[in-house]
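*Asks:* What follows is a structure written as structure tokens; I'll ask about it next.
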Amino acid sequence: MSLLAVTDLSIDYAQLGGATRAVTSASFSMGTGSSIGLVGESGSGKTTLALSLLGLLPANGRVASGEIHYADESVSQYSETQWRRLRWTKAALVFQGGMNALNPVRRIVDQIVEPMLVHGTETTKQAATQRAIELLARVGIPASRARDFPHEYSGGMRQRAGIAMALACKPQLLIADEPATAIDVVVQAQIIRLLAELRESLGLALLIITHDLGVVAQLCDDVIVMYASEIVESASVRGIFHNPKHPYTKQLLESVPRFSGMRGVGAGISGQPPSLTNPPTGCRFHPRCPSVFSPCATEHPPASRLADKHVVACHLYGHD
Ligand code: ATP
Ligand code: SF4
């Protein structure tokens, strides 16, 4: 049974003048200890999808259809009380740069202790404090800095503290939104190593949301590519990097510095990402696609499985 299974999930944001569909019919699953990178241009729906997995959608967001399962438990229509029980214990979020997760006026150690006491994973303040100090040591922060306030930490330390906090209640899944953005490259490499090491030693599953394909290459087994609210390709890291199929994935790979340093900065993807309130008909990528042909503007491309893990939604490939 999967640790997490997302089936045909669609998410809407209510807005003046109608709803915006930010995620359309997304399906994927994660096993214990697996690691998936969720990539795509800004506005493609990555964060919305991730937030929905923790019941953290903004007030105007809602699951319009589809299912989210943790093991055999369907959670997509959970109440806030039910989500509060799930968050931290089954899955936890690591915020970008660590700062948003941390309360600026509370000591770091107290912030890590709190979820343990609220969720009852530790029953006394003393035991929770001990575990918080151990967790900080685990992410490379010495006990002597445990009682510091967030502003006394460097950006890298805040990110580490955010990871320690996410681990407080022993979740099986960490969802990390741009975990290595807004910190310098040396610290970035350290954070990536730390996440990889935690995954290995704790058997954690990782869902990494990022613009940075280098992070994906180093941390993930599989990749999901989103475009304009839809999953357009999913495959192993090897499949995506060495044998990308969707024209958008190919351009995405061309548009960034390569993790191996073999290719320089590419030309970028021409044209703008489409509006989600009025997306293009047929294939949503067709106005920007160099391979566009007759069915693309009118027919939505169904997903085709090309190999065990490699699925692509593009008319260039045979349909299931
Ligand atoms: P980024 O990489 O910039 O974080 P993303 O791929 O994570 O982008 P989302 O932040 O999930 O994309 O946004 C998906 C779409 O939903 C975008 O069109 C965005 O403008 C819209 N959106 C996000 N939050 C809201 C909101 N609270 N209300 C209305 N629309 C929203
Ligand atoms: Fe390009 Fe057509 Fe494939 Fe869309 S379906 S990515 S427009 S070739």
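The values are calculated or read from the model by the stated rules, or taken from the named source; none is laboratory data. Bear in mind that the values here come from a model prediction, so they are computed numbers and not experimental data. Quick reminder, even Gly has a Cβ in these numbers, built from the backbone with ideal geometry, and neighbours come from all protein chains shown. Just so you know, the surface numbers come from the protein's heavy atoms only, side chains and all, with ligands and any DNA or RNA stripped out. Shrake-Rupley method; radii C 1.70, N 1.55, O 1.52, S 1.80 Å.
*Asks:* What does the net charge come to around residue 70 if you take all other residues with beta carbon closer than 13 Å to its beta carbon, with K and R at +1 and D and E at -1?
*Replies:* Working: positive: 85, 87, 90; negative: 67, 72, 73.
Local charge sum for residue 70: 0.
*Asks:* Quick check: net charge around residue 170, other residues with Cβ under 11 Å of its Cβ, Lys/Arg +1 and Asp/Glu -1? Don't jump to the answer; show the numbers that get you there.
*Replies:* Numbers: positive: 90, 131; negative: 122.
Every neighbour counted, the sum reads +1.
*Asks:* Additional query: Please give the helix 125-138 orientation as an angle from the longest Cα principal axis of the chain, in degrees from 0 to 90, rounded to the nearest 10.
*Replies:* 50
*Asks:* Further, regarding this structure: Given a cut-off of under 8 Å on Cα pairs at least six residues apart, what relative contact order in percent is computed for the chain?
*Replies:* 19
*Asks:* Report for the chain the percent antiparallel among DSSP-assigned beta bridges with both residues inside it, nearest 5.
*Replies:* Working: 30 of 48 bridges.
Roughly 60 percent of the DSSP beta bridges within the chain come out antiparallel.
*Asks:* Under 8 Å for C-alpha pairs, at least 6 residues apart: give me the relative contact order for segment 149-229, rounded to a whole percent.
*Replies:* Working: 60 pairs, mean separation 24.8, N = 81.
Worked out over segment 149-229, it gives 31 percent.
*Asks:* Also, I was wondering about something else. Take residue 85 and residue 107, extend 7 Å from each Cα along the Cα→Cβ direction, and tell me the distance between the two endpoints in nm.
*Replies:* It works out to 3.3 nm between the two label points.
*Asks:* Can I ask one more? Quick one: helix 155-166 against the long Cα principal axis of the chain, what's the angle to the nearest 10°, folded into 0 to 90?
*Replies:* 90
*Asks:* State in Å² the accessible area per residue of segment 1-126; use a 1.4 Å probe, count heavy atoms of protein chains only, and round to the nearest integer. Don't skip to the end; give the middle numbers.
*Replies:* Working: 5800 Å² over 126 residues.
Counting only protein heavy atoms, the per-residue value for segment 1-126 is 46 Å².
*Asks:* How many nm separate the modelled label positions at residue 270 and residue 196, each set 7 Å beyond the Cα in the direction of the Cβ?
*Replies:* So the label points at residue 270 and residue 196 sit 3.7 nm apart.
*Asks:* Could you sort out which of 125/170; 90/245; 90/250 sit more than 24 Å apart by Cα distance in this structure? Before the final figure, lay out the partial values.
*Replies:* Details: 125/170 17 Å; 90/245 34 Å; 90/250 35 Å.
Correct reply: 90/245; 90/250.
*Asks:* How much accessible area per residue does segment 274-320 have, in Å², with a 1.4 Å probe? Can you show the working numbers first?
*Replies:* Values: 2680 Å² over 47 residues.
Value returned for segment 274-320: 57 Å² of accessible area per residue.
*Asks:* Placing unit charges on C-beta atoms (Lys and Arg positive, Asp and Glu negative, everything else neutral), compute the dipole magnitude of the chain about its Cα centre in debye, rounded to 20. Intermediate values should be presented prior to the final figure.
*Replies:* On the way: 28 positive and 27 negative charges, 111 e Å.
About 540 debye.
*Asks:* For q = 0.15, 0.16, 0.20, 0.21 Å⁻¹, what log10 I(q)/I(0) does segment 65-205 give under the Debye formula with an equal point scatterer on each alpha carbon and no solvent?
*Replies:* Debye output, listed in q order: -0.74, -0.83, -1.23, -1.33.
*Asks:* If each DSSP helix of 4+ residues adds -39,500 (n - 2.57) and the sum is divided by the residues in the chain, what number results at 222 nm, nearest 500 deg cm²/dmol? If you can, show how the numbers build up before the last one.
*Replies:* Numbers: 9 runs with 91 residues, N = 320.
Taken over the chain, the calculation gives -8500 deg cm²/dmol.
*Asks:* Still on this model: Net charge within 12 Å of residue 233 by Cβ-Cβ distance, Lys/Arg positive one each and Asp/Glu negative one each, not counting residue 233 itself? Write down the numbers at each step before the final one.
*Replies:* Numbers: positive: 245, 250, 305, 309; negative: 222, 230.
Local charge sum for residue 233: +2.
*Asks:* By the gyration tensor of its Cα atoms, with a ≥ b ≥ c the square roots of the eigenvalues, what is the shape of the chain: rounded for a/c under 1.5, prolate for a/b over b/c, or oblate?
*Replies:* Working: a/c = 2.04, a/b = 1.60, b/c = 1.27.
Judged from the Cα gyration tensor, the chain comes out prolate (a/c at least 1.5, a/b above b/c).
*Asks:* Now a separate question. Per 0.36 nm of contour for each residue apart, how much would the distance between residue 299 and residue 151 grow if the chain were fully extended, relative to their Cα-Cα spacing?
*Replies:* Values: separation 148, 0.36 × 148 = 53.28 nm, distance 5.27 nm.
Gain on stretching residue 299 to residue 151: 48.0 nm.
*Asks:* Let me know the shape class of segment 1-68, please: from the alpha-carbon gyration tensor, a ≥ b ≥ c as square roots of the eigenvalues, rounded when a/c is under 1.5, otherwise prolate if a/b is greater than b/c, or oblate.
*Replies:* On the way: a/c = 2.25, a/b = 1.75, b/c = 1.29.
Prolate.
*Asks:* Mind giving me the FRET efficiency for residue 56 and residue 306? R0 is 45 Å, r the Cβ-Cβ distance, nearest 0.05 is fine.
*Replies:* Working: r = 34 Å, r/R0 = 0.75.
After rounding, the FRET efficiency stands at 0.85.
*Asks:* May I pose another question? With unit charges on the beta carbon (Lys/Arg positive, Asp/Glu negative), name the residue among 17, 54, 71 whose Cα is farthest towards the positive pole of the charge dipole of segment 1-114.
*Replies:* Sorting the options by dipole projection puts first 54.
*Asks:* Leaving out ligands, DNA and RNA, what percent of the accessible area of segment 76-147 is carbon and sulfur, probe 1.4 Å? Don't skip to the end; give the middle numbers.
*Replies:* On the way: 1970 of 3900 Å².
The computed percentage sits at 51.
*Asks:* I want the antiparallel fraction of DSSP beta bridges within segment 1-145, as a percent rounded to 5. It would help to have the intermediate numbers written out before the result.
*Replies:* Values: 19 of 20 bridges.
Among the beta bridges of segment 1-145, antiparallel pairing accounts for roughly 95 percent.
*Asks:* Mind giving me the FRET efficiency for residue 278 and residue 184? R0 is 51 Å, r the Cβ-Cβ distance, nearest 0.05 is fine. Can you show the working numbers first?
*Replies:* Values: r = 40 Å, r/R0 = 0.78.
Taking R0 as 51 Å, the efficiency between residue 278 and residue 184 is 0.80.
*Asks:* Test of understanding: extend the Cα→C-beta vector of residue 1 to 7 Å, then name every residue of segment 82-97 with backbone N under 18 Å from that spot.
*Replies:* 86-87, 89-91
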